[in-house]
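The values are calculated or read from the model by the stated rules, or taken from the named source; none is laboratory data. Predicted model only: the values in this text are computed from it and were never measured. Here the Cβ is made from the backbone with ideal geometry for all residues, glycine too, and neighbour counts use every protein chain on show. What goes into the accessible areas is simple: the full protein's heavy atoms, side chains included, and nothing from ligands, DNA or RNA. Shrake-Rupley method; radii C 1.70, N 1.55, O 1.52, S 1.80 Å.
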Amino acid sequence: GAGVSQSPRYKVAKRGQDVALRCDPISGHVSLFWYQQALGQGPEFLTYFQNEAQLDKSGLPSDRFFAERPEGSVSTLKIQRTQQEDSAVYLCASSPGPPTNEKLFFGSGTQLSVL
Amino acid sequence: AQSVSQHNHHVILSEAASLELGCNYSYGGTVNLFWYVQYPGQHLQLLLKYFSGDPLVKGIKGFEAEFIKSKFSFNLRKPSVQWSDTAEYFCAVTRLYNNNDMRFGAGTRLTVKP
């Protein structure tokens, strides 16, 4: 597609529910990133994929967060047993890939509200 | 890990005023520096970037930023703002040889009054 696509655009979950957030990167982009943006804050790094390999997951806040990119294109961020503190905008970004990942192309994000 | 501080949370200017948004980073090694902008209802997009060479970099829409290594700063400037510059501005940094974990500042919201 023309840009990074994320779905759903909005997600409301009851505390304890599992959610899955989808990211379609720009076709051919090797690198894929997930960020969490809380209200009034900048994006916080969660995890990074190079093709299907998850090379860095140091930003995932707990073991309730899990990300995958099995075929090196579409990625899913899963949050199990959601908590209120998980409420945020989840941003996906892609880039053509290393050696430089300097220009990230961001999606519009999924706004998650946990009640 | 590297981190980024943006000093101004919300800046309000009138059209034609000059703009300077502060950004400081903390990391002892060589870094790449960026400014991203998010217009209302739109996604984040790259405004400008610094990798090496001339510390004064020019970006889109008349924006520029100056890298001052001794001050660990990368301030964003524009001589004359327009109403359409109303947006949220984020400073970001990556390490030179490990740029998979771009770190963002908390952002500065700019409101330009017509």
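Quick notes
- Top-ranked residue of segment A:79-115 - restricted to ones that are β-branched (Val, Ile, Thr) and at pLDDT 95 or above, ranked as surrounded by the most Cβ atoms within 10 Å (Cβ to Cβ): A:ILE79
- Hits in segment A:1-29 (condition: among the acidic types (Asp, Glu) and touching a strand residue (DSSP E or B) at 6+ places or on another chain (Cβ under 6 Å)): A:ASP24
- Note on segment A:65-79: residues that are over 13 Å from A:HIS29 (Cα atoms) and either in a strand (DSSP E or B) or touching a strand residue (DSSP E or B) at 6+ places or on another chain (Cβ under 7 Å) (or both) amount to 8.
- Looking only at segment A:60-71, residues that are in contact (Cβ under 8 Å) with a residue 24 or more places away in the chain and open to solvent by 10 Å² or more (accessible area, probe 1.4 Å) come to 1 in all.
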